[in-house]
Structures are given as C-alpha cells and as structure tokens.
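Everything on this sheet refers to the single structure shown next.
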Amino acid sequence: VIDKGMADYIVSFELLEAARWTEYLKKDGKIIVNTQQINPMPVIIGAAEYPENLVEKMKAAGIDLDAIDALSLAEQAGSPKAVNLVLMGKLSKYFDIPEEEWIKAIEESVPAKFLEMNKTAFALGANA
C-alpha cells in the first residue's frame, strides 16, 4: 500500500520482519521493533539460519531503529498478546499527540476485561 522509501515509521513484531521491510523506510524514517526472534519456515526445517546481530546490522546500514523487548514488557503487563500495545506505546513517543488521546482510543477499542492490562502494556512501551 506504500511505495518503497515512503514509510515514516515501520512497526515490527519481530526482528527479521523489520529487516525485510527496511527498503520501504524513508531516509529519515524510524523502525520500532520488538527484539523477539521468530524462526521462519526455512530456519525451522534447517534450510537456513536466522541472521545474527540484526539490530546492529540495521543500525550499521544507517537505519534509525528503536529496538525494545516488547514481549517481556507485554508479559509484565499480563499477557504476551499485548505486544502490539507495548509497541504502540513506544510509537506514541514520536507523535505530538497527548497521551490522553492514545488512552481514549484504547478505551474505545479494547474490551473491558482486557482494558487495564492493555493500558499497562501501552505505558510500559511508552516508558521503555
């Protein structure tokens, strides 16, 4: 949906996923990435190895990268499924949008039984 070299931000749940999409990032863009490594099928079946030192390699290539252990923070918030809110919290720090607006959006879209956990995950990401 976006041309190569046009993305202001890329948010990625996994390191190799972030590396795959770097060509879509603007020259002054930023990648926010969870440091989790999820093995793709070629790695699982032994046909390839997971690339080492991806954070360092992307930074060495001049990519502005904000890498956080979003999985650990999500687990701290109460569920590994909250990785997306941790990453959203980190992303929120790059926008001139008041935190209250982000929280309002979360409150309007997250079921009540998961609301506090998701707000906690957002806060942990924002402060990471």
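In the set (i) 19.1, 68; (ii) 15.6, 48; (iii) 14.5, 48, which value of Rg and Dmax of the Cα atoms in Å was calculated from the structure you see?
(ii)
With a 1.4 Å probe and every protein chain left in place, work out the accessible area per residue of segment 32-108 in Å², rounded to a whole number.
Result: 60 Å² of accessible area for each residue.
Using Cα pairs under 8 angstrom and six or more residues apart, how large is the relative contact order of the chain, in percent?
Result for the chain is 22 percent.
Under the rule of -39500 (n - 2.57) per DSSP H run of 4 or more residues, summed and divided by the residues of the chain, what mean residue ellipticity at 222 nm is obtained, to the nearest 500 deg cm²/dmol?
It lands at -13500 deg cm²/dmol.
Scan around ILE38 for amide H atoms under 5 Å from its own, H built in the peptide plane at 1.01 Å from N, and keep only partners 5 or more places away or cross-chain.
Close amide H contacts, sequence-distant or interchain: LEU15, LEU16.
Reachable aspartates and glutamates from LYS93, Cα under 15 Å, same-chain residues fewer than 8 places away excluded?
ASP8, ASP64, ASP66, GLU101
With +1 on each Lys and Arg Cβ and -1 on each Asp and Glu Cβ, and nothing else charged, work out how big the dipole of the chain is about its Cα centre, in Debye to the nearest 20.
Computed charge dipole of the chain: roughly 140 debye.
Listed highest first by mean packing, meaning other Cβ atoms within 10 Å per residue, what order do 84-96, 59-71 come in?
Ranking, from highest mean packing down: 84-96, 59-71.
Using a 1.4 angstrom probe on heavy atoms only, work out the carbon and sulfur share of the accessible area of segment 1-54 in %.
About 53 percent, which is the carbon plus sulfur part of the accessible surface.
Calculate one ³J(HN,Hα) per residue across segment 97-104 by plugging θ = phi - 60° into the Karplus curve 6.51 cos²θ - 1.76 cosθ + 1.60, and present them in order as whole Hz with x for glycine and proline.
Result, rounded to whole Hz: 10, x, 3, 4, 5, 5, 4, 4.
Which cross-chain or sequence-distant (5 or more) residues have an amide H under 5 Å from the amide H of TYR9, H modelled 1.01 Å from N in plane?
LYS30
The values are calculated or read from the model by the stated rules, or taken from the named source; none is laboratory data. What you see is a predicted model, and the numbers here were worked out from it, not measured in a lab. Every residue, glycine among them, receives a Cβ derived from its backbone with ideal geometry; neighbour counts consider all protein chains shown. SASA here: full protein model, heavy atoms, side chains in, ligands and nucleic acids out. Shrake-Rupley method; radii C 1.70, N 1.55, O 1.52, S 1.80 Å.
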